[in-house]
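Working notes for the structure below.
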Amino acid sequence: MVIGMVGEKSIIVVDMLQYENLYWEQSYQHIAGVDEVGRGCLFGDVVAAAVILPQGLQIEGVNDSKKLSAKKRDALYVVIMEKALAVGVGHVDAQTIDNINIKQASRLAMKRAIESLSINPDFLLVDAEKIQVEIPQLAIVKGDANSQSIAAASIIAKVTRDRLCEGAWESMYPDYGIAVHKGYATKVHREQITNLGITPMHRRSFLNNLLAEQPTLF
């Protein structure tokens, strides 16, 4: 982390390779960043990604996907897919989320993303989670804002899930506005659930908590 000055304002510049460099220096070659998206949604899968980037590569603009515009995420998605040594994606559906809870489902999606990599990673940088795999790993709080590898994974996961929301899932359930709210608990989404009922892709455990005032739906 570097603190600089612009006029009278201080700015903080984060070294997005600080963790990668630490473990590259310890002779780890294939470091995978791992992150998930969709944890707080009422609808659809939780989606995780794992990304292995070449040693020393720095991609300008890569950051926490939530801080980027959709246009910027799409542009970086292309660059990451071109530059990465390997990219893996994992999904866990709504029924499984209800069965094992969202925390465990997020970990499972991350595990599936790692297992789908074409290269076996020898170290993992994970956004604030512990994954049940026999690979050395480091959980980093706010990792997507402090590690390029995790940030790249967050972008891949976010774009992948958004495209499902805008494409296949919107086509399956066109009356729910999935393409717009991406499955989150917006007012419109809640109203459509009240009017139309729930779909097989809604997370019942979330709805029971958040929409308890609508018991007739269940």
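Would a scan of region 1-23 turn up a residue that is touching a Pro at 6+ places or on another chain (Cβ under 6 Å), within 19 Å of A128 (Cα to Cα), open to solvent by less than 10 Å² (accessible area, probe 1.4 Å) and modelled with pLDDT of 95 or more?
First pass over region 1-23, keeping only residues touching a Pro at 6+ places or on another chain (Cβ under 6 Å): none.
No, region 1-23 has no match at all.
For region 35-59, filtered to residues that are β-branched (V, I, T) and within 26 Å of F206 (Cα to Cα), the residue that is most open to solvent (accessible area, probe 1.4 Å) is V37. Meeting the requirement of 2 or more residues that are crowded, with 19+ Cβ neighbours inside 10 Å and modelled with pLDDT under 95, no helices (runs of 4 or more DSSP H) wholly within region 114-193 can be named.
Among residues of region 92-114 that are on the phi > 0 side of the Ramachandran plot and touching a residue at least 24 places away in the same chain (Cβ under 8 Å), none has a beta-carbon under 7 Å from a residue that is part of a helix (DSSP H, G or I) and surrounded by fewer than 19 Cβ atoms within 10 Å (Cβ to Cβ) at least six positions away or on a different chain.
Looking across region 154-212, the residues that are of a type in the set (V, I, T) and closer than 20 Å to E36 by Cβ come down to I155, I156, V159, T160, I178.
The values are calculated or read from the model by the stated rules, or taken from the named source; none is laboratory data. These figures come from a predicted structure and were not determined experimentally. Please note: Cβ atoms are built from the backbone with ideal geometry, for glycine as well, and neighbour counts cover all protein chains shown. With ligands, DNA and RNA removed, areas are computed over all heavy atoms of the protein, side chains included. Shrake-Rupley method; radii C 1.70, N 1.55, O 1.52, S 1.80 Å.
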